[in-house]
1. May I ask you to list the residues in the range B:59-99 that are surrounded by fewer than 17 Cβ atoms within 10 Å (Cβ to Cβ) and touching a Lys or Arg at 6+ places or on another chain (Cβ under 8 Å)?
2. Among the listed residues A:Leu111, A:Leu170, A:Leu181, A:Leu146, which satisfies the condition of being touching a Lys or Arg at 6+ places or on another chain (Cβ under 6 Å) and either touching a residue at least 40 places away in the same chain (Cβ under 8 Å) or assigned by TED's automatic domain parsing to the domain that holds A:Gly386 (or both)?
3. Among (1) more than 7 Å from chain B (Cβ to nearest Cβ); (2) more than 15 Å from A:Val395 (Cβ to Cβ); (3) in contact with a helix residue (DSSP H, G or I) (Cβ under 6 Å, 6 or more places away or on another chain), where does A:Tyr318 come up short?
4. Part of a helix (DSSP H, G or I), hydrophobic (A, V, I, L, M, F, W, C) and open to solvent by less than 50 Å² (accessible area, probe 1.4 Å): does that describe A:Leu139?
5. Looking only at residues that are open to solvent by less than 60 Å² (accessible area, probe 1.4 Å) and without any contact (Cβ under 8 Å) to a residue 12 or more places away in the chain in the range A:235-262, which one is nearest to the chain's Cα centre (by Cα)?
6. What's the number of the only condition in (1) at pLDDT 95 or above; (2) more than 9 Å from chain B (Cβ to nearest Cβ); (3) surrounded by 19 or more Cβ atoms within 10 Å (Cβ to Cβ) that A:Arg109 fails to meet?
7. Just the residues that are closer than 15 Å to A:Leu159 by Cα and assigned to a loop (DSSP other than H, G, I, E, B), please, taken from the range A:224-233.
8. Identify all residues within the range A:303-315 that are more than 7 Å from chain B (Cβ to nearest Cβ) and more than 19 Å from A:Leu342 (Cα to Cα); write none if there are none.
Amino acid sequence: MSGTAPQPQTGSRAGEGLLTGIPSQPGPLRAEPEAPAAAGPAPAAPRPSAGDLLARGLELFTGRPLARHQAAALRICFALVVLLQLLREWPERRVVYGDRSAWSLDLARRLTAQDHAFSVLLWQDGRWWFEACYAVAVLAAVLMLLGWRTRFSSVLFLLAVVSVQNRSILVGDGGDNIVHLMVIYLAFTRCAEVWSLDARRRARGGSAGALPGVLLWLLSAAALTAAQLTGRLSWRSGDWPHLGWAALLWTMWAAAGLWYATGRWWPRGEPRAVLDALGSMVHHCAMVVIAAQVLLVYTTAGLYKVQGSRWQDGTALYYPLHLAYFTPWPALSGLLASSMLLVFALSYGTVLTQLAFPVVLWSRRAKNVLLVLMVAEHAGIAVLLGLPVFSLAMVAADSVFLPTAFLLWLGARSRPGRRAVT
Amino acid sequence: MTATGGDLEAPAEPRHWSRPALLVLTAAGMALVTGTVALLAGCFLQSAPPGPVTQRYQAKLNGLVMPEFEQNWKLFAPDPLQFNIAVQARTRTAGGDGDWVDLTAGDIAAIRHNPVPGHAQQNLLRRAWDFYDSTHDSEHGPTAGPRSELAEQYLKRIALQRLGRTGPGGPVTAVELRSATVAITPPPWSGQQQSSQQSGQVQYSELPWWPVSDTDYQGLA
């Protein structure tokens, strides 16, 4: 789906009811795949040509953001994961990420001098800079959860989470890794189209409440300028492809400004439509990346496991159940590990679900069954291995594959008596 | 690939783009698709076992993926860890060498019956030891240049943070660490040969003494 680069539509009757073939309600979206035109006599009913299909693909790529509910679910879930994680670490935050860390600022700076990881926590010594940044990270997670000024919040969220993690990269685990990736990808999605304060404000209409947005935009400019003048942000990075954080952040800032300006003074003009289309394209690419990322996690986890002799003989699960670091409930773990058949079934079940996921995805029903299995497995891991945040992060990542109907049902249930703001 | 239906929406009437708009959209679309494919290819290659392709494009691959898109999904794979590794430490003071203190035992005690173990107990020392182990050979010689040194100082500071400034005989002048490895007994039904390390038996691996100065305590409070 990412192979549909937009091309000038002059040859494909662009603009002549391209969307008429797409039902405006749930239903099969796809046109029947075409046999090559040469195979047999032309049928009576007109069938879409390759050009029409391409044009339709382009319309979808540049049109209204797809998978809005999945994007919103990802936003809410990962904001929640980060919020819970930051609050969980709150009592030990100074030892884990802050001024009392055994991984001193000096050590962290020496490592990032090699790998060029980004962290605002390394910009300044002392306790209070750290405390302020940590508080901002908590705030960003709350704003992201609520979907307040999400264009701004999602970038703040990205910078805050990446900064906290990169300050002490060595205390992270797989859960931190997936969160790290997702907060980056999410900043490029339009994840507040539904289930957000932004959506509610848009539904109420009008340009009322534009002021906070403008202020945030100006504040961002001031912060970016200050960071750049003090040499903490730069346009170029040392490694290929030489794109510094400043380039990314200023581009986002400029896009937000243009967006607001065209919407305010030229809402029906073409520049605004172009920006909308660009936003959708970025959103669609980011959603594809998120989905592919989740598949990559499960596929590699599965493929690495099938090479291990303990996974092959079906005893693998026995060992984590005897690792002191991963047995908060030793009696329970011991009980589970004492059953040969259970250990075998769960070991093989883990590998099979991980490997089956990308294959099963093409069948909606089988996918949903597997999603339920995945969630159950992660719930088990959360309790048995004492990895609740990791498990929650994986479930959050899975939510990109949840069916829209289920998300809508969940959304309707979670706010009884209120009109949906979709 | 994700379900997309669901919203009732009136299809906006198709837009006739002007030539400049088409140009912008085409260029942006191609750049976006290229970038997406490149990123995904990079993430894929970084997860795949190394081979001639990864070797030839190593620099570009690292530039694209590292550090922010790093992938490591060998979760309990290819084989789960089959040892319990404890990190122990002792201090030297003017009054002699102190007793070994099991630093890992404190972590384990904090994790027991805790529904939400934190990074300070579950990851900090465990991953610091992994970092040290992966940057040193079995004779405790450095194998990764400056990274080995970072690992040593990190481990030293973790030990000092937990042991404190003074031992029984005055201020700490040096610290020594060792790992205590116990193989997990294979399940009785597996018929696996006991590894050469008899299960239940502790294998120690002692690190050299590291001198301690005041600067090592900086910020440890």
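1. B:Pro78, B:Asp97, B:Asp99
2. Numbers: A:Leu111 fails: touching a Lys or Arg at 6+ places or on another chain (Cβ under 6 Å); A:Leu181 fails: touching a Lys or Arg at 6+ places or on another chain (Cβ under 6 Å); A:Leu146 fails: touching a Lys or Arg at 6+ places or on another chain (Cβ under 6 Å).
Residue meeting the stated conditions: A:Leu170.
3. (1)
4. On the way: part of a helix (DSSP H, G or I): yes; hydrophobic (A, V, I, L, M, F, W, C): yes; open to solvent by less than 50 Å² (accessible area, probe 1.4 Å): no.
Criteria not met by A:Leu139.
5. So the residue we want is A:Leu248.
6. (3)
7. Correct list: A:Arg232, A:Leu233.
8. A:Leu303 - this is the single residue of the range A:303-315 that is more than 7 Å from chain B (Cβ to nearest Cβ) and more than 19 Å from A:Leu342 (Cα to Cα).
The values are calculated or read from the model by the stated rules, or taken from the named source; none is laboratory data. Model, not experiment: these values are computed from the prediction. A quick note on method: Cβ atoms are made from the backbone with ideal geometry, for glycine too, and the neighbour counts reach across all protein chains shown. Protein only, heavy atoms only, side chains kept; ligands, DNA and RNA dropped before computing areas. Shrake-Rupley method; radii C 1.70, N 1.55, O 1.52, S 1.80 Å.
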